[in-house]
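Encoded as structure tokens, the structure appears first; notes follow it.
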Amino acid sequence: MSEQSRRPGKPGKPYRRPQKDPVRMLAFEALRAVDERDAYANLVLPPLLRRAREKEGPEKFDARDAALATELVYGTLRRQGTYDAVIAECVDRPLREVDPPVLDVLSLGAHQLLGTRIPTHAAVSASVDLARVVLGDGRAKFVNAVLRKIAQHDLDDWLERVAPPYDDDPEDHLAVVHSHPRWVVSALWDSLGGGRAGIEDLLEADNERPEVTLVARPGRATTEELLREEAAVAGRWSPYAVRLSEGGEPGAVDAVREGRAGVQDEGSQLVALALANAPLEGPDKAWLDGCAGPGGKAALLAALAAERGAVLLASEKQPHRAGLVAKALHGNPGPYQVIAADGTRPPWRPGAFDRVLMDVPCTGLGALRRRPEARWRRRPEDLEGFAPLQRALLRTALDSVRVGGVVGYATCSPHLAETRAVVDDVLKSYGDAADLIDARPLLEGVPALGEGPDIQLWPHLHGTDAMYLALIRRVA
């Protein structure tokens, strides 16, 4: 063995140069962006994957590389709470004293060991090599020692060790086993009601990779066109929805590239459809989307409005998000307008619209499948921050609709403080001037919509984000 192949300073001990694994390097880079910059994985990962596909040589990604990198990033983020509990059992210090980059490498390794079918030796070896490249030899030894302890048990064994018994502390048990903060478990359980089976099904659904769902924008594309794409199947509930099975790439669909179709969760489509189909008294010419960014619901509403000879005004406070709305609506078959305006200080006159959608800013607890890191960033006090804005926007919506018109109040959160509490509080101040409409008959064929008159969708029951919708008619 040559001198170059021995570890410097340690004669006689063979030294293996760490292998630079492009897939795990990319996954680590994405996790660091999420941690350091509060970035969202669904925004960080696509450009990283695109650059990796455009490279030449051994670092060029193929479809399998991209799929593995995606699984490593999202799987690690979804199960972060569980993996933190396991890692904490295997280190000799509090986790807060472990450097974040080291913890990211350990979490990636834990996911490969406990959440994938990657062989144990390969998961440990690849993680230690990653640590040598990005952390150095010293901390790579620490990573190696911790991962070898983790590898001694499978996930079920670890959960027996680190999760408190359900009978002793149900919420903490579910928090560790299903990797959600305790307060989120409690809030979702309150919103869902019922026993243990329902909440466990919901939490597990939050940890599953969601299908990519497309929307065929009326007058511009059809579901028949989208169903001709490879790996495409019909949506469950929306007549405009098409799902792409695993491996389907929306960017490869002509209609998506051309803006005639878009990526839109089926729950989001159902909210727009329910508002569009709600019975009206009087004319149906002027529609408003008062919180339109980034434009998915606005694009569907604008297309539906065009079919009826109506016009949509899409308003969004943030100018850059208003730009996204304009891009989504570009090419709509009928007239529309996009403006950047504060929905709590609207530039339009009261009673100007026949239909109004107000999909308000919220904690996003209904979209944890798509943004798993959000569960670790949100705090209970965030609810207090959103509450005044949500109420103000609903009041604007009710002031903006004419007598006989309909308002849709929507959130991508099932938290009762962001749904029924907001609607109940605002309606009290309107007295007999506004009434709730039973929204459930407007989604014919969709089961388990709740007790009404409002609607709550669920990932485990409907395969959608946990969208909430209340429909309100202005009667005076």
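The values are calculated or read from the model by the stated rules, or taken from the named source; none is laboratory data. From a predicted model like this one, the values you see are computed outputs, not experimental measurements. A quick note on method: Cβ atoms are made from the backbone with ideal geometry, for glycine too, and the neighbour counts reach across all protein chains shown. Just so you know, the surface numbers come from the protein's heavy atoms only, side chains and all, with ligands and any DNA or RNA stripped out. Shrake-Rupley method; radii C 1.70, N 1.55, O 1.52, S 1.80 Å.
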request  = Pop a pseudo-label 7 angstrom from the Cα along the beta-carbon direction at both Arg64 and Asp154 and give the gap in nm to one decimal.
outcome  = 2.4
Sorted peptide list for 99-107, 249-257, criterion being average Cβ within 10 angstrom, highest first = 99-107, 249-257
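How much accessible area per residue does the chain have, counting only protein heavy atoms and a probe of 1.4 Å, in square angstrom?
Heavy-atom SASA per residue in the chain reads 45 Å².
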message = If you scale each eigenvalue of the Cα gyration tensor by 5 and take the root, what three semi-axes come out for region 182-310, rounded to whole angstrom and sorted largest first?
response = 29, 23, 12
request  = Over region 268-399, calculate the relative contact order: mean separation of alpha carbon pairs under 8 Å at least 6 apart, over the residue count, as a percent.
outcome  = 26
note = Summed over the other residues with a beta carbon less than 9 angstrom from that of Asp435, with K and R at +1 and D and E at -1, the charge totals +1
note = Note, region 446-460: 3J(HN,Hα) by Karplus (6.51, -1.76, 1.60, θ = phi - 60°), whole Hz, Gly/Pro = x, goes 8, x, 6, 8, x, 7, x, x, 7, 10, 10, 8, 9, x, 7
ask   = Using a 1.4 angstrom probe with every protein chain in place, what is the largest-first accessible-area order of Lys149, Lys327, Lys20?
value = Lys327, Lys20, Lys149
query = Over region 403-476, what percent of the accessible surface lies on carbon and sulfur atoms, probe 1.4 Å?
reply = 52
key: Translational D in µm²/s for the chain (Stokes-Einstein at 10 °C, 1.306 mPa s, Kirkwood Rh from C-alpha pairs)   = 65
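Using helices alone, what [θ] at 222 nm do you get for the chain, with -39,500 (n - 2.57) per DSSP H run of 4 or more residues, divided over all residues and rounded to the nearest 500?
On the way: 20 runs with 223 residues, N = 476.
For the chain, the value works out to -14000 deg cm²/dmol.
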note = Projected onto the charge dipole of region 286-392 (unit charges on the beta-carbon of Lys, Arg, Asp and Glu, signs +1, +1, -1, -1), the Cα from Ala367, Trp287, Gln337 with the largest positive-side position is that of Ala367
remark   = Taking a straight Cα-to-Cα line shorter than 12 Å from Lys60, and setting aside same-chain aspartates and glutamates fewer than 8 residues away, one finds Asp21
key: Relative contact order %, region 85-179, counting alpha carbon pairs below 8 Å whose residues are six or more apart   = 29
ask   = Can you give me the pair-distance distribution of region 332-476, C-alpha pairs, 10 Å bins, whole percents?
value = 11, 38, 35, 15, 0
ask   = Carbon and sulfur: what percent of region 137-270's accessible surface (1.4 Å probe)?
value = 46
note = Reported to the nearest 10 Å², Glu56 has, with a 1.4 Å probe, an accessible area equal to 150
ask   = Which lysines does Lys285 reach when only Cα atoms under 27 Å apart count, and residues fewer than 8 places away in its own chain are ignored?
value = Lys297, Lys317, Lys327
request  = For region 139-147, take each phi angle, set θ = phi - 60°, evaluate the Karplus expression 6.51 cos²θ - 1.76 cosθ + 1.60, and give the result in whole Hz per residue in order, putting x for glycine and proline.
outcome  = 6, 5, 5, 4, 4, 4, 5, 5, 5
task = Just read off the accessible area of Arg182 with the full protein assembly in place, 1.4 Å probe, to the nearest 10 Å².
result = 100
